[in-house]
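All remarks here apply to the structure that follows.
The values are calculated or read from the model by the stated rules, or taken from the named source; none is laboratory data. Fair warning: this is a prediction, and the values are worked out from it, not measured in the lab. Here the Cβ positions follow ideal geometry from the backbone for every residue, glycine too, while neighbour counts run over all protein chains shown. Only protein heavy atoms, including side chains, enter the accessible area calculation; ligands, DNA and RNA are left aside. Shrake-Rupley method; radii C 1.70, N 1.55, O 1.52, S 1.80 Å.
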Amino acid sequence: MNRISKHSPHQEFSSLKIPHTDPEIHSAIIHRLLYHLSSGVHTRPLIIVCIGTDRSTGDCLGPLVGTSLSRFNSSLFHLYGTLDEPVHAMNLKETLTMIHEQHDNPYIIGIDACLGQSASVGSIQVSDGPLRPGAGVHKELPPVGDIHVTGIVNVGGFMEYFVLQNTRLSLVMRLSDIIANCLYSAMKEWNRSTLLSARDL
């Protein structure tokens, strides 16, 4: 569970926040992801870390995204965090250690739910730099990601654990579907562009 923080002007430029009801949301997220992938991945292994737990409605966004991505059975990325094998506060540090042991200079995309202002609930964010898992519920956990994608699932600032437990599953499901589909579409397009560029050399 991440918490929205204030960004520097540079971060604002490389950050996108868009309501899930926006008819252009898929195109906007895919293009923003492609911007980050094309400028940061190169030949680095692509890792997706979906953070959260299936024991909390509000905090199951990450595992839902991971489970959706796992169904593609794709070689384009390495996936950590599903409903069956969640990555959460108890195993996040060891998971990150394992990723860095198994992958040389990995490019990591962090996925997590977050709490925010009431006007932002239902929005999806794509931002440069790592996310801060646990910040929304006052936990100190290691930062995750070269970039991160978050879904704002409910209002923050008061009784966060209670708010997470009483978050609408329908909203979390909608956000997770959009994030998973946009991630997979962006990775396919990035891979296609990379192969075409290599062919032209």
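Please report, in debye to the nearest 20, how large the charge dipole of the chain is about its Cα centre when each Lys and Arg carries +1 at its beta carbon and each Asp and Glu carries -1 there.
Working: 15 positive and 18 negative charges, 48 e Å.
So the dipole magnitude of the chain works out to roughly 240 debye.
Each label point is 7 Å from the Cα along the Cα-to-Cβ direction; what then is the distance between the points at Lys93 and Arg192, in nm?
In this crude label model, Lys93 to Arg192 measures out at 4.3 nm.
Leaving out ligands and nucleic acids, note down the accessible area per residue over the chain with a 1.4 angstrom probe, in whole Å². List each step's numbers first, then the result.
Values: 10280 Å² over 201 residues.
Per residue, the chain has 51 Å² of solvent-accessible surface.
Once the Cα gyration tensor of region 106-180 is diagonalised, what are the square roots of 5 times its eigenvalues, in whole Å and ordered largest first, as equivalent ellipsoid semi-axes?
20, 16, 10
At a 1.4 Å probe radius, carbon and sulfur cover how many percent of the accessible area of the chain? Walk me through the numbers before you get to the answer.
Numbers: 5410 of 10280 Å².
Answer for the chain: carbon and sulfur cover 53 percent of the accessible area.
Please compute the alpha carbon radius of gyration of region 42-201, then divide it by the globular-protein estimate 2.2 N^0.38 Å. Two decimals is fine.
Details: Rg = 15.7 Å, N = 160, 2.2 N^0.38 = 15.1 Å.
For region 42-201, the normalised Cα radius of gyration comes out at 1.04.
Starting at 0 and stepping by 10 Å, how many percent of the alpha carbon pairs of region 29-137 end up in each bin?
For region 29-137, the pair-distance distribution reads 13, 45, 35, 6, 0.
As a test question: what accessible area, to the nearest 10 Å², does Arg132 have when a 1.4 Å probe is rolled over all protein chains in place?
Near enough 130 Å² of accessible area.
With every protein chain left in place and a probe of 1.4 Å, what is the accessible surface of Thr167, to the nearest 10 Å²?
The value for Thr167 is about 10 Å².
Just for the chain, what percent of DSSP beta bridges are antiparallel, to the closest 5?
Values: 10 of 29 bridges.
Bridges in the chain are about 35 percent antiparallel.
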